[in-house]
Amino acid sequence: MLARHESGCAASSNCGVRERTTGNIRRMEIAGASAIVTGGASGIGAGVARALAAKGAHVVVADLQAEKGQALAEEIDGVFVSVDVTRTEQIEDAIARALELGPLRALVNSAGIGWAQRTIGRDGEYSSAHDLAVFSKVIAINLIGSFDAIRLAATAMSRSEPTSTGEKGAIVSMASVAAFDGQIGQAAYSASKGGIVGMTLPIARDLAAAGIRVNTVAPGLIDTPIYGEGDAAEAFKAKLGQSVLFPHRLGTPDELASMVLELLLNSYMNAEVVRVDGGIRMPPK
């Protein structure tokens, strides 16, 4: 029997399939292009903004935290735009500003809020059931806001000339392991993040014809300002980190940013949801 290459071709045949080589990863070039990071003023978003700037992108920090956003924009030689992702016109403003800096090649959806409340109360009263307005707000910011940014940014990307790798842009949205392992009280948050996971593939299919890739990151326990500061906060984070499979600690924004950057730049990454969580599987509570 003839030996076969990984392609399935006989070793003695010439079927025109190039053998796999190292050092031949095709990457989208973003130096000199623009990128938008929603929720970019702090935490994971700030880590992503710094990583993009380090690659030569002109970063638009789109956030409601004006003081932090402006400071970060000055640090990375980017620009700050005040953006509430539930306001379509403000997303459009951020895109317009980005296009002034260069062709829009990257969008990272990192804006979001959390919420914890049980579906029903302990007293059996309708009034103590989960606050429906809050449920709607979490969906509006985390899920609908992400989709709104995607549909608008992708439209702008579609008008540009393709890069040397044949693509016009790439999009990464931030989900959460709560999309898969939602804990007690996380119905609203898990629904919003599960929606992001669920729309990744169909949007990637939609945008393939325009040369735009779409991926999602699902972070685990990440050390962000949400846990507070001081000795008590550090002790709480250390205890929380023991539930991570390995390493026994919280992840860092830079570790998340590294994965986001890979999903943006690696031209063969498309329609994927990648967990970055140290192997954790969240318990019920």
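Each reported figure results from applying straightforward, stated rules to the coordinates on display, with no laboratory input. If you're wondering where the values come from, they're calculated on a predicted model, not measured in any experiment. When we count neighbours, we look across all protein chains shown, and the Cβ atoms used for this are built from the backbone with ideal geometry, even at glycine.
Compared with the dominant Cα axis of the chain, that is its longest principal axis, helix 253-265 is turned about 40°. Here Ser110, Ser243 are placed in order of increasing Cβ neighbour count within 10 Å, fewest first, which gives Ser243, Ser110.
Less than 5 angstrom separates the built amide H of Ile113 from those of Asn142, all sequence-distant by 5 or more or on a different chain. Computed over segment 104-191, the percent of Cα pairs more than 23 Å apart is 41.
Packing-based ranking of 69-77, 156-164, 228-236 yields 69-77, 156-164, 228-236, ordered from highest to lowest mean Cβ neighbour count within 10 Å. Between 0 and 90 degrees, rounded to the nearest ten: what's the tilt of helix 231-241 against the longest Cα principal axis of the chain? Approximately 50 degrees, to the nearest 10.
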